[in-house]
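K.L.:
Handing you a structure now.
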Amino acid sequence: MSGASVLYDVPGPKAKARNRVYSVIGALAVLGLIAFAFLRLDAKGQLDPEVWRIFNYAGVRTGIRDGVLTTLQVFAVAAVLSLALGLLLTVARLSDHKPVRWLATGFIELFRAVPLLITIYALWVILLTNRDALGLTGSQPQFWALVAGLTVYNGSVQAEVLRAGINAVPKGQKEAAYALGLSKTQVMTTVLIPQAVRAMLPTIISQLVVTLKDTSLGYIITFEELLYTARLMSTNIIVNGNDTYIPVIIVIGSIYVAMCLALSALATWIERRGRRAQTGIRVGAAAEPVAAADAAESAEAPAGAKD
């Protein structure tokens with residue numbers, strides 16, 4: 001008996017027919033819901049050409065462009081800082097010194113448990129009330145509050161991801177490195193961390209996608225990122241007495257999906273490139289000297305010496 005038959009019973013003819021009926025019914029139900037939604041949107045005037053022409057306005061396109069650039073700017077800074085903080089927390093949590101290990105563990109557990117929205121809002125209030133002392137002007141309190149909130153939360157998550165990757169490395173490699181006389185710092189930087197990053201790269205990139213999506217929480221502190229820009233446009237632009245929430249949501253949502261898919265595609269490309277670099281072995285260069293040696297041996301052999 002195969003393992004597949006133990007874990008999964010192959011459906012018989014009646015079960016297959018029943019599954020086909022359920023599939024057709026489910027597909028028709030989904031199509032019916034989509035058709036109903038389109039009819040309701042059309043009845044509310046959300047599908048009128050005039051409503052969608054707002055994206056031809058230069059001011060709307062400029063606002064969307066600025067929102068995208070601001071979102072990417074926050075993401076870039078928060079991504080770099082969260083990875084650096086995650087690496088630091090990982091090393092601290094694996095430290096042999098108990099106070100350092102306890103401090104890192106408390107930091108990670110605290111910011112993983114507190115909702116990110118509360119963290120961002122609290123940091124915004126702190127930075128806003130101390131703006132003059134910190135030398136912040138304009139929208140800098142909102143920017144740094146959002147960046148700091150994303151950094152501490154995602155840095156704590158990345159620390160746990162890296163720690164899991166380091167613990168997954170076979171202990172024999174660490175023991176062999178110590179046997180060669182390497183220090184703990186050398187073992188961590190040259191043996192454990194590179195393998196942990198390579199093993200946990202898909203999870204690290206997935207958390208970066210979460211970081212990109214969480215930049216939308218900046219709207220709660222009036223930071224002018226993409227979601228806040230969309231909210232302003234949908235509120236202030238009225239066409240034929242109707243709001244433009246639906247078109248703006250569809251367009252902005254599509255932009256978010258495109259950015260996340262682009263980041264995921266980049267992660268897939270990096271992972272495949274890493275696998276090729278790890279498993280690619282060239283044998284052509286090693287075969288050439290062997291062929292040359294065989295040719296030289298044949299030339300030195302007597303002409304009549306043939307098997």
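The values are calculated or read from the model by the stated rules, or taken from the named source; none is laboratory data. Treat the numbers as computed from the prediction; the structure is a model and nothing was measured. We place every Cβ from the backbone using ideal geometry, glycine too, and count neighbours over all the protein chains shown. To get the accessible areas, we keep the full protein, side chains included, count just its heavy atoms, and leave off ligands, DNA and RNA. Shrake-Rupley method; radii C 1.70, N 1.55, O 1.52, S 1.80 Å.
K.L.:
Looking at (1) polar (S, T, N, Q); (2) under 19 Å from A104 (Cβ atoms); (3) in contact with a helix residue (DSSP H, G or I) (Cβ under 7 Å, 6 or more places away or on another chain); (4) surrounded by fewer than 22 Cβ atoms within 10 Å (Cβ to Cβ), find the lone condition where Q173 falls short.
P.N.:
Failing condition for Q173: (2).
K.L.:
Yes or no: the stretch 189-198 includes at least one residue that is closer than 21 Å to L85 by Cα, of a type outside the set (V, I, T) and in contact with a Leu (Cβ under 8 Å, 6 or more places away or on another chain).
P.N.:
Yes, some residue in the stretch 189-198 is closer than 21 Å to L85 by Cα, of a type outside the set (V, I, T) and in contact with a Leu (Cβ under 8 Å, 6 or more places away or on another chain).
K.L.:
Looking at the structure I just gave you, is L28 in contact with a helix residue (DSSP H, G or I) (Cβ under 7 Å, 6 or more places away or on another chain) and hydrophobic (A, V, I, L, M, F, W, C)? So that I can check it myself, show each step before the final result.
P.N.:
Values: in contact with a helix residue (DSSP H, G or I) (Cβ under 7 Å, 6 or more places away or on another chain): no; hydrophobic (A, V, I, L, M, F, W, C): yes.
So L28 fails the test.
K.L.:
In addition: Can you list the helices (runs of 4 or more DSSP H) found entirely within the stretch 179-252 that contain at least 1 residues being within 17 Å of E160 (Cβ to Cβ) and open to solvent by less than 60 Å² (accessible area, probe 1.4 Å)? Even if it seems obvious, please write down each step before you answer.
P.N.:
Values: elements: 184-187, 193-199, 201-214, 226-236.
It comes to 193-199, 201-214.
K.L.:
Something else about it: D243 passes all but one of (1) closer than 24 Å to G59 by Cα; (2) at pLDDT 85 or above; which number fails?
P.N.:
Every condition holds for D243 apart from (2).
K.L.:
Checking L217 against (1) touching a residue at least 60 places away in the same chain (Cβ under 8 Å); (2) touching a helix residue (DSSP H, G or I) at 6+ places or on another chain (Cβ under 7 Å); (3) farther than 30 Å from L41 by Cα, which test does it fail?
P.N.:
For L217, the failing item is (3).
K.L.:
Of the residues that sit in the stretch 35-59 and are outside any helix (DSSP H, G or I) and either touching a Phe, Trp or Tyr at 6+ places or on another chain (Cβ under 9 Å) or open to solvent by 60 Å² or more (accessible area, probe 1.4 Å) (or both), which one is modelled with the highest pLDDT?
P.N.:
Within the stretch 35-59, the match that is modelled with the highest pLDDT is Y57.
K.L.:
Give just the number: which of (1) open to solvent by 40 Å² or more (accessible area, probe 1.4 Å); (2) hydroxyl-bearing (S, T, Y); (3) not in a helix (DSSP H, G or I) does T62 not satisfy?
P.N.:
Unmet condition: (3).
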